[in-house]
1. Running a GNM on the chain with Cα contacts under 10 Å, which residue among PHE123, PHE62, PHE85 ends up with the highest mean-square fluctuation?
2. Would you mind ranking TRP73, TRP122 by Cβ crowding within 10 Å, fewest neighbours first?
3. So what is the relative contact order for the chain, in percent, with contacts set as C-alpha pairs under 8 Å and at least six apart?
4. Which of the listed residues, LEU26, ALA130, HIS106, is farthest toward the dipole's positive end in the chain, when Lys, Arg count +1 and Asp, Glu count -1 at the beta-carbon?
5. Order by neighbour count: HIS58, HIS50, fewest other Cβ atoms within 10 Å first, most last.
6. Quick one: 3J(HN,Hα) in Hz for the range 136-143, Karplus 6.51/-1.76/1.60 with θ = phi - 60°, rounded, Gly and Pro as x.
7. Starting at the first residue of the range 89-105, write each ³J(HN,Hα) from the Karplus equation 6.51 cos²θ - 1.76 cosθ + 1.60 with θ = phi - 60°, in whole Hz, x for Gly and Pro.
8. What residues qualify as long-range amide H neighbours of ALA132, i.e. H under 5 Å apart, gap of 5 or more or another chain, H built at 1.01 Å from N?
Amino acid sequence: MILRFISGAWMLLACSALHAAPIVELSAGMYRIEAEVASNSGDRATGLMHRPSMPAQHGMLFVFSEAGVQCFWMKNTLIPLSIAFLDDSGQIVQIADMQPQSLDNHCSVKPVRFALEMNAGWFASRGLAAGAKIRGIGKAPAGR
C-alpha cells in the first residue's frame, strides 16, 4: 500500500500493480476485448472471484500449458458470466452461460488450451457462436 497526497488530503491506496495480471488485447470481428490473462494455476484458480462488476469490453483469458478438457465453476464469483472455450487457433468450440456463486461444472466438450470469460450474454449479443474466431490469443503469455 502507498500513501499519496491528493487535493489537500492523504489517501491510502492499495497497490495492486505488484501482482497485476497482464492484459492482452483481443478481437472478435469488429469487437475489441481487453482481457486479463490467467496463465498460472494460482491466477486460474482465482479467476474473477469477488469482483462486483466488470466493464463491458473486459474479460479474462485463461491459458493452459496444454490442451485438455477444461472445467469451470462460479464459486465466489459475483457476476454472471459467459465462457467461450477456444482451440489453439482461437476458434470458439462452445459457449456456456454461468450463474454467480454456482458450483455447477461447465466443461469443454473437447480438449482446449484457452477459455475466455466475458459478462453474461456478451457473445450472444454480438452474434458470436461456435466457429467464430477470437484473434490475438497468440499475444498472451504461455500457460504454466
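1. Of PHE123, PHE62, PHE85, the Gaussian network model singles out PHE123 as fluctuating most.
2. By the 10 Å Cβ count, ascending, the order reads TRP73, TRP122.
3. Values: 310 pairs, mean separation 37.0, N = 144.
After rounding, I find 26 percent.
4. LEU26
5. Numbers: HIS58 17, HIS50 9.
Listing HIS58, HIS50 from fewest to most nearby Cβ atoms yields HIS50, HIS58.
6. Karplus-based 3J(HN,Hα) across the range 136-143 equals x, 5, x, 7, 6, x, 5, x Hz.
7. The phi angles translate into 8, x, 6, 6, 8, 6, 10, 10, 9, 10, 8, x, 6, 8, 9, 5, 7 Hz.
8. Under 5 Å from the amide H of ALA132 lie the amide H atoms of ILE92, each far enough along the sequence or on another chain.
Values quoted throughout were computed directly from the atomic coordinates according to the rules given, and no laboratory measurement underlies them. Since we're looking at a predicted model, the values are computed, not measured. FYI the Cβ positions are ideal-geometry reconstructions off the backbone, even for glycines, and counts take in every protein chain you see.
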